[in-house]
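> The structure's right below; bear with me while I get my questions together.
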Ligand SMILES: C[S@@+](CC[C@H](N)C(=O)[O-])C[C@H]1O[C@@H](n2cnc3c(N)ncnc32)[C@H](O)[C@@H]1O
């Protein structure tokens, strides 16, 4: 079976591979593995192995009852979280209509439909209509440039003690200085830096930035 480490290819600099990546493979069912592989082959953006491994390890420990995911793609990370946490219900938002339809089909195929509220729409709009203090865990994995804009609302949606996990926070090494920032990415880098600064200086959050996959920021609401 082909070994896929990274979905997020930075076309200019190549892939970012952490030192721990070879040890961190997700334990997921054959069905989800195959769903991810099909997605990788179709160049659909899907979380890398190391990030997915962290995500499933985390939800298996925290046992969140209500998970919100922004950026469903075709449902691979959502399905993996539900598999790792049997008490969880997933609300997941995707704005690409074709991905949304594929995800709904995949949740159905995996017999997970009853545990999923799949929403087709723009995350920025959808989050305004979701109830406050209602999520134990939020996986933020859509438009990176919008993370900083979504943050105040996501804090409201989280329950006390809830976890907000933001993916791709080190952006192929642009944030740490490992890779030179291409001109067209400068604004994105500024927005992600703003997000990191906001979550690490927020008195209402505990935050750790971790060098996992393409980088994640894990924040806990006090
Ligand atoms: C990295 S992919 C998600 C991967 C998925 N979480 C997984 O690991 O299997 C990001 C997804 O976010 C979606 N997206 C981007 N901007 C969005 C927005 N503003 N609202 C909702 N979805 C968005 C993209 O269409 C894409 O499918």
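Only the coordinates and a few stated rules stand behind these numbers; no lab work does. It should be emphasised that the depicted structure is a prediction, and the values quoted were computed from it without experimental measurement. When we count neighbours, we look across all protein chains shown, and the Cβ atoms used for this are built from the backbone with ideal geometry, even at glycine.
> If each residue's Cβ is checked for other Cβ atoms within 10 Å, how do 200, 51 rank with the fewest at the top? Could the numbers behind the result be given before it?
Details: 200 14, 51 29.
Neighbour counts put them in this order, fewest first: 200, 51.
> When each pair of different Cα atoms in the stretch 30-221 is counted once in the 1/r mean, what is the Kirkwood radius in angstroms, to one decimal?
Averaging 1/r across every pair of different Cα atoms and inverting gives 16.7 Å.
> Oh, and also: Compute the length gained on full extension between residue 146 and residue 19: take 0.36 nm times their separation in residues and subtract their Cα-Cα distance, giving the result in nm to one decimal. The partial results should precede the final answer.
Values: separation 127, 0.36 × 127 = 45.72 nm, distance 2.88 nm.
Value of the extension gain: 42.8 nm.
> While we're looking at this one, here's another question. As a test of the formula, what do you get for the chain when each DSSP H run with n ≥ 4 contributes -39,500 (n - 2.57) and the sum is divided by the residue count, at 222 nm and rounded to the nearest 500 deg cm²/dmol? Numbers along the way, then the final one.
Working: 7 runs with 78 residues, N = 222.
Rounded to the nearest 500, the figure is -10500 deg cm²/dmol.
> Would you kindly state how much longer the chain becomes between residue 132 and residue 207 on full extension, computed as 0.36 nm times their sequence separation minus their alpha carbon distance, in nm to one decimal?
On the way: separation 75, 0.36 × 75 = 27.00 nm, distance 2.05 nm.
Separation in residues times 0.36 nm, less the Cα-Cα distance, equals 24.9 nm.
> Using mean Cβ contacts within 10 Å as the protection proxy, how do 97-104, 19-26 order, highest first? Walk me through the intermediate numbers first.
Details: 97-104: 17.2, 19-26: 14.4.
Top to bottom by mean Cβ count within 10 Å: 97-104, 19-26.
> A further question on this structure: Give the order of 185, 36 when sorted by the count of other beta carbons within 10 angstrom, beginning with the fewest. Numbers along the way, then the final one.
Details: 185 19, 36 27.
Listed from fewest to most nearby Cβ atoms, that is 185, 36.
> Something else about it: Output the peptides 127-136, 110-119 sorted from most to least packed, where packing is the average of other Cβ atoms within 10 Å over each peptide's residues. Provide the component values of the computation, followed by the final result.
Numbers: 127-136: 14.4, 110-119: 16.3.
In descending order of packing, they fall as 110-119, 127-136.
> How much length would be gained if the chain were fully extended between residue 186 and residue 97, taking 0.36 nm per residue of separation minus their Cα-Cα distance, in nm to one decimal? Don't skip to the end; give the middle numbers.
Working: separation 89, 0.36 × 89 = 32.04 nm, distance 2.85 nm.
Fully extending the segment from residue 186 to residue 97 adds 29.2 nm.
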